[in-house]
1. Would you grab the residues whose amide H sits under 5 Å from the one on His235? Only those 5+ places off in sequence or on another chain, please, with H modelled 1.01 Å from N.
2. What ³J(HN,Hα) values, in whole Hz, does the Karplus curve 6.51 cos²θ - 1.76 cosθ + 1.60 give for the stretch 31-41 when θ = phi - 60°, with x put for Gly and Pro?
3. Tell me, what ³J(HN,Hα) does each residue in the stretch 427-434 have, in order and in whole Hz, if you take phi through Karplus 6.51 cos²θ - 1.76 cosθ + 1.60 with θ = phi - 60° and put x for Gly and Pro?
4. By average Cβ neighbour count within 10 Å, what is the ranking of 455-467, 434-446, 52-64 from highest down?
5. By counting other Cβ atoms within 10 Å of each Cβ, how are Ser472, Ser36, Ser386 ranked from fewest to most?
6. Any chance you could run the full-extension gain for Val207 through Leu481? It's 0.36 nm times the residue separation minus the Cα-Cα distance, nm to one decimal.
7. Alpha carbon centre of the stretch 19-86 versus the stretch 339-408: separation in Å?
8. To the nearest 0.05, how large is the calculated FRET efficiency for His368 and Thr46 if R₀ is 60 Å and r is the Cβ-Cβ distance?
Amino acid sequence: MTINENYRTTSCLDRHRCLLHRYLLGQYLAMVLMVSASFVAAVWATWDWQSPVGTIAPLVSVWIICRAAGLFSGQWFAPLITAASAFAVLAVRDVHVVEPLAEPIVFAPIALLVMLALIFAIDVVESAQSLSWIHVASRLRRQNWLRLAVWGLGAGIVLYVVAMPVGDWIIDQIYPPKSGRILEDMTLGQQVRFRGFEVFCALVFCVFGATIGSFLNVVAYRLPRRESVVFKSSHCPKCGVKIESRDNVPIIGWLRLGGRCRACQSLISMRYPIVESISAAFFLVMYFVELISGGANIPVRHPNIYHGPLWIIFYPKWDLIGLYLYHCFAFCILLVYALIDIDRQRLSTRVKCCIASALILPPMIWQHLLPTLSLSFASSLFQNASLQAGVTCLTGCLVGMALGWLTAWGIYSTAEEDEYSSSRAQFAGCLSVVGISLGWQAVVAVTLCTLLLMFGATLFARWQHWPLPQLSPLLLAAFVLQLCLWRWTTQHPSNWWPSDRMLASGWAAIAVGYVVLLLANRLAVRQRQQQWVGHGL
């Protein structure tokens, strides 16, 4: 073996080396995973091997052991197998579980799901590290990834619509239900049709989100440059040639062309399909979390008794659909803010006022868009419902702007004025959007989550020698987290988390936590900048 071949082999091994084995803590975690998975496999294989869980659990445990041992690290199929294993466990976890095995949580299917979640996160990181994102477009051009994605999506749909109902039917034939409700269950054909309707609705909302994301790419690029976002057609930023309709399909158009312009063959940024994917993912997640769940994440409002796509969409519940669209609209605005912040651009004051007006006007017309309206002080000061909604939105806007300016100034006051002045303005604008759409209490919660994410992202950037992260993209993640856990945060930790039932001691704890996180971020940003300057970057 020559020196060059030895170098290439060593580099390949280093690149595909298991993430768990790079650090001492990871090695201990790998041993814990292997031991835990071995126990789960042994218990299920010997105790209840004839049940569906007893068949799936050992197979999934073997995969966990292989991944914890470092096998298949960096391979593109590793996340797919891990995700498929998780879906398999979810499909059979409640099917005839033997009582002694359902009680100890270390042997329950939930233990496998926790381990698979950790393995999946490691798979994603390793797959991302094994890819050279500079050459992703050329690799996509050489390999027909679009056809692979279409076949994978089709296989997933067939698995959910046909294979899972057939599997349930076979299990029911082998293990007949003991209850007398078997006559009330749907037949196999009805299950297939109903699941097909569920998949169709989910795909419609996902495609709708991707289409909106494609438009948001245009808005984020043209709005700071004062270009028209309506009357000017899409074109290549390099050669200026108009993009054909067949190439302008969200995500798919970029993949078909391998990330290049059809006319001049210049590279098109991966940002476009990434933004479209983020938008599609949010619309799909909120479709499940907020819409067809009957508003299970919305506080104050009682969730719908009858939920699912049939009862929410086919027999439309317009109040819930309005909430879904309003929150998606707020997310789109925050995504545009984040993209503009990444580009180090700014929005004019006139545009910001138009955005605020567009957010305040719908709740003044339809007050149900503010589920926490009855808990605001405006409800006791004014009799008119529209005025109550307007004052509540305005209060949230002002609180968001004030806390946003204070937070951004506290973090970036030691940084370069010109470099981060746009980030300060964008963060204040983002928090005002949160205050208008979710209320001033959510402003405090989202700010705390953003500071926590910022601290972790800054430490990670320092470790990877990356530039400092911006606040607006992290606030977008905190907004999604707040929206998904909104109802839970107003019920369980309500005494210590921003809500109408919060105690004075809770506000004191929030204030102390805010100051500590702000100072920690300020110190981390300062140290990262010193490291950046020290490396001459």
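Read the figures in this text as sums done on the coordinates, not as results from a lab. Not measured: the values here are computed from a predicted model. A quick note on method: Cβ atoms are made from the backbone with ideal geometry, for glycine too, and the neighbour counts reach across all protein chains shown.
1. When sequence neighbours closer than 5 places are left aside, the close amide H contacts are Ile243.
2. Per-residue couplings from phi come out as 5, 4, 4, 5, 5, 4, 5, 5, 5, 4, 5 Hz.
3. With coefficients 6.51, -1.76 and 1.60, one gets 5, 5, x, 5, 5, 5, 5, 4 Hz.
4. The most tightly packed comes first, giving 434-446, 52-64, 455-467.
5. With the sparsest Cβ surroundings first, the list reads Ser386, Ser36, Ser472.
6. That pair, Val207 and Leu481, stretches by 96.4 nm at full extension.
7. The two parts, judged by their Cα centres, are 48 Å apart.
8. After rounding to 0.05, the efficiency reads 0.65.
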